[in-house]
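Values quoted throughout were computed directly from the atomic coordinates according to the rules given, and no laboratory measurement underlies them. All values reported here derive from a predicted model rather than from experimental measurement. Quick reminder, even Gly has a Cβ in these numbers, built from the backbone with ideal geometry, and neighbours come from all protein chains shown.
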Amino acid sequence: EPEVTQTPSHQVTQMGQEVILRCVPISNHLYFYWYRQILGQKVEFLVSFYNNEISEKSEIFDDQFSVERPDGSNFTLKIRSTKLEDSAMYFCASSPGGNQPQHFGDGTRLSIL
Amino acid sequence: AQTVTQSQPEMSVQEAETVTLSCTYDTSESDYYLFWYKQPPSRQMILVIRQEAYKQQNATENRFSVNFQKAAKSFSLKISDSQLGDAAMYFCAYRAEGDDKIIFGKGTRLHILP
């Protein structure tokens, strides 16, 4: 069965540095999402992306964050000037349509030192 | 605001027995979807079961079934004939019709006792 794949599985970055988290959604899916889960807390929605633009974003998704679909297969989340509180598990998801189930990747654990 | 509450942080069940995980939610919407996701130690979030709010019939997927009580805003998951592979964190989740975001509960960690 097709899967959403995320790389790397674990990223360690110095505070203040930029980090790019990568995702390859399922190939025929059109909607893409990022969520994060701070240790011990709920999974939280960050952003959704459709037709090469952001369709919805949460309050968390401020100017520090950006998303991009640089080619036909990858979907990236960039975090500029990382802070300690950005440490979390980041999940990518995709769905074939807006009202259809979202399929999640394994997540990238981001640790900010 | 829409919220999802899972009141059981951890549960244990004997292998082959049945267990029910609780979930309540709050919304003023009439059209929405409810989900249970499973996150095993391998970390991948796997969709277990999905329920459309307009459907009165409870969703069923093999050994997994839900008890959807719309008026009470309750959405519990029943796992029958529990297997060792069912051990995982289970998240109850909600999405309003037309919304992209899924709202998750804090999760229930399920242990299966051999």
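Only residues that are more than 16 Å from B:Pro9 (Cα to Cα) and more than 11 Å from chain A (Cβ to nearest Cβ): list them for region B:26-40, please. Within region B:26-40, B:Asp26, B:Thr27, B:Ser28, B:Glu29, B:Ser30, B:Leu34 qualify.
Taken as a whole, the condition of being away from every other protein chain (no Cβ under 14 Å) and either of a type in the set (D, E, K, R) or under 23 Å from A:Gly105 (Cα atoms) (or both) does not apply to B:Ala71.
Across region B:56-114, the number of residues qualifying as buried (at least 17 other Cβ atoms within 10 Å of the Cβ), among the polar types (S, T, N, Q) and not in a strand (DSSP E or B) comes to 1.
Here no strands (runs of 3 or more DSSP E) wholly within region A:71-113 include at least 2 residues being of a type in the set (A, V, I, L, M) and surrounded by fewer than 16 Cβ atoms within 10 Å (Cβ to Cβ).
Looking at (1) within 25 Å of B:Thr108 (Cβ to Cβ); (2) surrounded by 20 or more Cβ atoms within 10 Å (Cβ to Cβ), find the lone condition where A:Phe49 falls short. Against the list (1) within 25 Å of B:Thr108 (Cβ to Cβ); (2) surrounded by 20 or more Cβ atoms within 10 Å (Cβ to Cβ), A:Phe49 comes up short only on (1). Residues in region B:42-68 that are away from chain A (no Cβ under 11 Å) and farther than 21 Å from A:Asn99 by Cα: B:Asn62, B:Arg63, B:Phe64, B:Ser65, B:Asn67. For region B:74-114, a residue qualifies if it is more than 14 Å from every other protein chain (Cβ to nearest Cβ), over 14 Å from the mean Cα position of the chain (by Cα) and either under 13 Å from B:Thr24 (Cβ atoms) or charged (D, E, K, R) (or both), and exactly one does: B:Asp81. Among the residues of region A:62-113, just one is away from chain B (no Cβ under 12 Å), out of contact with any Cys (no Cβ under 7 Å at 6 or more places or on another chain) and aromatic (Phe, Trp, Tyr), namely A:Phe65.
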